[in-house]
């Protein structure tokens, strides 16, 4: 065998040994059992908010929240296939209702933890006026929205544009950039690729202040963006799940956090 | 210092990603070597079918692939029911499930370089070995495998990197559960979703640098050898 | 002691039907044009081509028949391929040891050092195969095959991909193999020069069939075969160096046909050599020639007279000391000298070439 060949073979053997070691170690480093962990599936739009709230709940209860972020549709599929979540915080109310009807959600545990607000937003000042007249002017290149077929905020945006009688025209003129979800719609606008976008108020409000320019469409123009939570039937930590949802619903800190993030609370 | 730069979730996710990539590559090499060998040497008409099937994971969007795997491995799917009959937990939402998903997802990246490498080895070198008294298995391990070394290296590197960057399949099949199935790429996505771009950048750069170093090591180990043809 | 073949194999555009028994001694050339099936026959003997209707028996041992098939790695043979086929991932030593290691120690008849010496590879052992010349690679390939201590060596045009210098470098090694190791060799070739130099027997293949088989002396001179009608047709004689004459710069070789003078050679007395006499360099005389410049004059008896390619020429086969000598002379001379079978005469040989 030539010298380089032998050398690289030795190297290969070493790398293989290292891999084996890593894999073996991984068995040892499995996390020690903590007080109690609650697996929370949380809609992407509420993920950042809940991340900020979680330490407060963990401090109050002494338990830990494991947050998994994703789309409500994906969570629905995964829960049907036995995903080990204890609680779902959905971005809509349809899926939690459906889970409840199918027996996968605990009957009676469902409630609306937040109501989203739709906003037409641009990161630049003076692009969007407070009455949304910019939509009729046509002096813009493109508007970003989330896909109405699977994102509640996309549906709401479509309802608003339809109510204004602009939906067909904008579609014909190819002036709508459709993001897969509300975050993509936000990214379109934030990166300047569209002039403005229909996004969630929670995405653009920081402690009740909004940078750039925006228009809040009248709530009458779209179906309320109710976000429901539900305890999943398969949970083995029902008590903890109930404690968490109760905290989310009633704790003043939690309510303040949700409101500060740009959501309403059901009265 | 490390702990202040990365959050604990980041570190756990990085660790899961590395482990997943390593296990996936190791198992794929075991599985794909005979398969690629068969594809490279058979004259059967089934070869075309095999080649097409081996390339299929490239076609499906990763989330769709993950979705089908989820159905298959879930408690109502064949895979899940099989596990149940064997008295085992379903593989969905577990590390084992991620391994299966990653293997399927990265399989073409191992099979194709291996098949090409085995094809380049050709039959002559093996015939020579046969006339030198080497039995079939002996020929395979002492002639075909060393001559196809480049294919093994390329396939391993591609599959490793591809698994590290994998997102759709692990998200769907794993459920994004911290400490169990949440990989670095998902954490990066979570950071982006939470508009935490600096967190996303920290992890992204880590992955990029780590992979870059890995590739440098592998390719420089390989460089010292002259180009390998089937037979000189 | 023999290699018995009975092969019937058909493909869309090719039919191979070979029934032949070859002596398992010396070098047997499988000679024919490209496409005549030479390589296929060799691959069948080795078991590399799996032909259903074939039987191969070597020294009474069945390698293959209707029921049995001994796979290649269990046949005690060595194979040298047409193109260099060294393992690229191993250096020269690794290549040589590959086969050696796979032969049980008790069955080894050729040692590593011996094979290295035979093929002159001492200085190359650490080289990679891509650092070798074509001739060097083929020498390594031959040594590698030898190190499995084969009972039969198969060579598929081992020199055809080499330049003239490399061929000259290898041929003496092959002769040493034949003379010193007494391993029978089947040697596929389409180069008559190569065959004349080293073969003891020739199997002539034409369109998938063995047209004729026999000793090289017979096959080169048989008027019913194409070999005798080639431009470079001639006869060969094996002998030993008998004496040197430095005064006239001559060496003498004793052969079955008598003593022949050749240009002075630096070969030791007693060394076996093969000489070649081209048919066009032989002229015939009815009386012992006296005042002639020709040195080599051989008495003989006409065996037959046949037409040649050129209607002006005729081919005369003469028995000299039990070996056939081929002469190409004009038809006019045949008539004028009334040359006919049975006639005793003298062959004047203008040039004798030592084959090296």
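Worth pointing out:
- Hey, residue A:162 under 18 Å from residue A:264 (Cβ atoms) and in the same structural domain as residue A:196 (by TED's automatic domain parsing) or not: no
- In summary, residue B:112 fulfils each of the numbered conditions (1) within 14 Å of chain A (Cβ to nearest Cβ); (2) surrounded by 19 or more Cβ atoms within 10 Å (Cβ to Cβ); (3) at pLDDT 90 or above with the single exception of condition (1).
- Of the residues in segment C:108-129, none is in a helix (DSSP H, G or I), within 14 Å of another protein chain (Cβ to nearest Cβ) and free of Cβ contacts under 8 Å to residues at least 12 places away in the same chain.
Yes/no per residue for (1) within 14 Å of chain A (Cβ to nearest Cβ); (2) touching a helix residue (DSSP H, G or I) at 6+ places or on another chain (Cβ under 6 Å); (3) within 30 Å of residue B:119 (Cα to Cα):
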| site | (1), (2), (3) |
| --- | --- |
| B:5 | no, no, no |
| B:12 | yes, no, no |
| B:16 | yes, no, no |
| B:28 | yes, yes, yes |
| B:50 | no, yes, yes |
| B:58 | no, yes, yes |
| B:85 | no, no, no |
| B:89 | yes, no, no |
| B:92 | yes, yes, no |
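- Residues being in a loop (DSSP other than H, G, I, E, B) and more than 26 Å from the chain's Cα centre (by Cα) - total across segment C:313-341: 5
- Per the conditions (1) over 19 Å from the mean Cα position of the chain (by Cα); (2) free of Cβ contacts under 8 Å to residues at least 60 places away in the same chain, the sole criterion not satisfied by residue A:206 is (1).
- Within segment C:81-93, restricting attention to residues that are more than 21 Å from residue C:187 (Cα to Cα) and either surrounded by fewer than 17 Cβ atoms within 10 Å (Cβ to Cβ) or facing chain B (nearest Cβ under 9 Å) (or both), the residue that is nearest to the chain's Cα centre (by Cα) is C:87.
- Yes/no for residue C:105 being within 9 Å of chain B (Cβ to nearest Cβ) and within 23 Å of residue C:180 (Cα to Cα): no
- Applying the set (1) surrounded by fewer than 21 Cβ atoms within 10 Å (Cβ to Cβ); (2) within 14 Å of chain C (Cβ to nearest Cβ) to residue B:130 leaves exactly one unmet item: (1).
- All positions within segment A:175-189 that are in a loop (DSSP other than H, G, I, E, B) and surrounded by fewer than 19 Cβ atoms within 10 Å (Cβ to Cβ): A:175, A:180
- Against the test of being modelled with pLDDT of 95 or more, within 12 Å of chain B (Cβ to nearest Cβ), touching a helix residue (DSSP H, G or I) at 6+ places or on another chain (Cβ under 9 Å) and closer than 23 Å to residue C:176 by Cα, the options C:132, C:152, C:96 yield a single qualifying residue, C:96.
- Among residues of segment B:1-35, those that are under 18 Å from residue B:107 (Cβ atoms) and under 14 Å from the mean Cα position of the chain (by Cα), counted: 14
- Selected residue (only one of B:92, B:102 is surrounded by 24 or more Cβ atoms within 10 Å (Cβ to Cβ), out of contact with any strand residue (DSSP E or B) (no Cβ under 9 Å at 6 or more places or on another chain) and not in a helix (DSSP H, G or I)): B:92
- The residues of segment A:81-97 that are in contact with a helix residue (DSSP H, G or I) (Cβ under 9 Å, 6 or more places away or on another chain) and under 22 Å from residue B:173 (Cβ atoms), listed by number, are A:81, A:82, A:83, A:85, A:86, A:87, A:88, A:89, A:90, A:91, A:95.
- Against the criterion of being within 30 Å of residue C:213 (Cβ to Cβ) and surrounded by 14 or more Cβ atoms within 10 Å (Cβ to Cβ), residue C:230 does not qualify.
- Test result for residue C:347, in contact (Cβ under 8 Å) with a residue 60 or more places away in the chain, within 20 Å of residue C:292 (Cα to Cα), surrounded by 19 or more Cβ atoms within 10 Å (Cβ to Cβ) and in contact with a strand residue (DSSP E or B) (Cβ under 7 Å, 6 or more places away or on another chain): yes
Matching residues to (1) buried (at least 23 other Cβ atoms within 10 Å of the Cβ); (2) modelled with pLDDT of 90 or more; (3) in a strand (DSSP E or B):
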position	(1), (2), (3)
C:3	no, yes, yes
C:22	no, no, yes
C:33	no, no, no
C:51	no, no, no
C:63	yes, yes, yes
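- Tally of residues being part of a helix (DSSP H, G or I), over 18 Å from residue B:54 (Cα atoms) and within 14 Å of chain C (Cβ to nearest Cβ) across segment B:140-175: 11
- Strands (runs of 3 or more DSSP E) fully within segment C:164-216 counting 1 or more residues that are in contact with a helix residue (DSSP H, G or I) (Cβ under 6 Å, 6 or more places away or on another chain), touching a residue at least 60 places away in the same chain (Cβ under 8 Å) and buried (at least 19 other Cβ atoms within 10 Å of the Cβ): C:185-189, C:201-206
- 2 or more residues away from chain B (no Cβ under 14 Å) and within 27 Å of residue B:178 (Cα to Cα): qualifying strands (runs of 3 or more DSSP E) within segment A:82-157: A:111-116
- Of residues in segment B:176-209 being away from chain A (no Cβ under 13 Å) and without any contact (Cβ under 8 Å) to a residue 24 or more places away in the chain, the one farthest from the chain's Cα centre (by Cα): B:198
- Residue pairs whose Cβ atoms lie under 6 Å apart, separated by 6 or more positions or on different chains, with the first residue in segment C:39-60 and under 12 Å from residue C:20 (Cα atoms) and the second assigned to a loop (DSSP other than H, G, I, E, B), are C:55/C:65.
- Check on residue C:323, surrounded by 14 or more Cβ atoms within 10 Å (Cβ to Cβ) and under 19 Å from residue C:288 (Cα atoms): no
The values are calculated or read from the model by the stated rules, or taken from the named source; none is laboratory data. On a predicted model such as this, the values are computed, not experimentally measured, just so you know. Positions of Cβ are generated from backbone atoms using ideal geometry, with glycine treated the same way; all protein chains shown enter the neighbour counts.
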